[in-house]
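Some notes on the structure that comes next.
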Amino acid sequence: MSNFLYEREQKCREGISRSLSKLPDYCLDFFLSIENYTSPLTRLNYSKDLEIFFNYLANNIFHKNVKEITFLDLDNLKSKDIELYISYLSYYEYNGKYYHNGEKGKARKIASVKSFFKYNYKHDNLKSDVASKVDTPKIHTKDIVRLEVDEVAKLINEADVPEHMSKRQQAFNKHTRTRDIAILSLFLGTGIRVSECVGLNLNDVDFENNSFKVTRKGGNQVILYFSDEIKNALSQWVTDREKFLENVKENALFLSLQKRRISTRAVENLVKKYARIVSPLKKISPHKLRSTYGTNLYRKTGDIYVVAEVLGHKDVNTTKRHYAAMSEDIRRSVADKVKLR
């Protein structure tokens, strides 16, 4: 495991420990039970979700300290209490800050609660699984946001020749130009996740075979391949990177101007910076560039299973839902299939 991944995992574990210190002691058993089949990040999200849930119960249902909430208390909950909690998640205050949740946020948080109740019912800690009686909030399908082919070219061109940027941005671009082109090219030409991009090390790239190694969700490592166009972009950045470093020992492929591994937030900001110029009406993020790649790859291959494999999806339905613009393409492809005369 690389230092970056190890440090990220440690931060997740520390966050889980902080949440567990605020939760009833019996919550630890639940997290131990899911450790073998969930990632540290997933467990961190679960711990934060349960922290919010128990805080709600303590202040709105039981009126006692979170640590004092017992299994007997949980057995006395009604399905209406869980439904009220879902409503509460629309807009709530926690630790002095206000939060908002849409359909996805609510669904994720209630899924954590359902898993917790299911585990404790299964292990006879609860007499009933009240959470199972509550429907998960429906997530309405949204249009896929992605760049069109001409917008892809414009995005990379804008990083290469920033004609539409302010003078300050143009001055900044002189120092980051080849790095930004390499990052944008990787997203648009391989469909990697932002976390996979940030986690890349210099020795993960094999220029002889046009390949690189990424660590997927869950920790699995796979080899992906890139085109000569992306090879040229990466090679140019690596050359500039060596001049930029000046004996600094940092193995990260992509660096910030502070000569440290670039952060996820910095990558998100650079994508937004260029995308706002090219397509101001679309909210483009690294994940939307991944969607763009997935859609374009499907259009070229017509094989959703190939797209799922390259993107690292365990379930091809995930690919169908989020990345390939299948419905529109299918409707267009059958337009002249049925002949009337």
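Read-outs throughout are calculated quantities, based only on the coordinates presented, and are distinct from any laboratory measurement. The structure displayed is predicted, hence computed values, not measured ones. Here the Cβ is made from the backbone with ideal geometry for all residues, glycine too, and neighbour counts use every protein chain on show.
How charged is the neighbourhood of R216? Take every other residue with its Cβ under 9 Å from the Cβ of R216, and add Lys/Arg as +1 and Asp/Glu as -1.
Values: positive: R193, K217; negative: E196.
Summing Lys/Arg as +1 and Asp/Glu as -1 gives +1.
Sorting the Cα pairs of the chain by distance into bins of 20 Å, from 0 upward, gives 25, 49, 25, 1 percent per bin.
3J(HN,Hα) couplings calculated from phi for region 23-30 with the Karplus curve 6.51 cos²θ - 1.76 cosθ + 1.60 (θ = phi - 60°) are, in sequence order, 9, x, 4, 5, 5, 4, 4, 4 Hz; Gly and Pro show x. For region 19-58 and region 177-219, what is the separation of their Cα centres, given in Å? Value for the Cα centre distance between the two parts: 32 Å. Using only Cα atoms, tell me the angle between helix 286-301 and the longest principal axis of the chain; keep it within 0 to 90° and round to the nearest 10. The helix 286-301 is inclined about 70 degrees to the chain. As a length-normalised measure over Cα pairs under 8 Å and 6 or more apart, the relative contact order of the chain settles at 14 percent.
With the convex hull drawn around the C-alpha atoms of region 123-249, the volume per residue stands at 225 Å³.
By the count of neighbouring beta-carbon atoms within 10 Å, fewest first, H123, H287 end up ordered H123, H287.
Backbone phi angles across region 148-164, fed through the Karplus curve with coefficients 6.51, -1.76 and 1.60 (θ = phi - 60°), yield HN-Hα couplings of 7, 4, 5, 6, 4, 4, 5, 4, 5, 5, 5, 6, 6, 10, x, 5, 9 Hz in residue order; Gly and Pro are listed as x. Here the dipole of region 51-145 is about 200 debye; that uses its Cα centre as origin and unit charges on the Cβ of Lys and Arg (positive) and Asp and Glu (negative).
Computed over region 64-162, the P(r) curve from all C-alpha pair distances, binned at 10 Å from the origin, holds 13, 30, 24, 13, 10, 9, 1 percent per bin. Volume per residue for region 149-333 equals 125 cubic angstrom (convex hull of Cα atoms). GNM on the chain, alpha-carbon springs under 10 angstrom: the most fluctuating residue among R290, R177, R265 is R265. Structure note, pairs K11/K109; K217/K288; K11/K97; K78/K114; K282/K314: Cα-Cα distances above 24 angstrom occur for K282/K314. Highest mobility in the GNM of the chain, judged by mean-square fluctuation with C-alpha springs under 10 Å and restricted to G302, G312, G199, is found for G302. When you filter the chymotrypsin sites (Phe, Trp or Tyr not before Pro) in region 9-69 for DSSP loop state and at most 12 other Cβ atoms inside 10 Å of their Cβ, you are left with Y37.
Per-residue 3J(HN,Hα) values for region 231-242, derived from phi via the Karplus relation 6.51 cos²θ - 1.76 cosθ + 1.60 with θ = phi - 60°, read 4, 5, 5, 5, 4, 5, 5, 4, 4, 5, 4, 5 Hz in sequence order (x marks Gly and Pro).
With Kirkwood's inverse mean 1/r over C-alpha pairs for Rh, give me the Rg to Rh ratio of region 3-133, two decimals please. Could you put the intermediate results ahead of the total?
Values: Rg = 14.6 Å, Rh = 15.3 Å.
Ratio of gyration radius to Kirkwood radius: 0.95.
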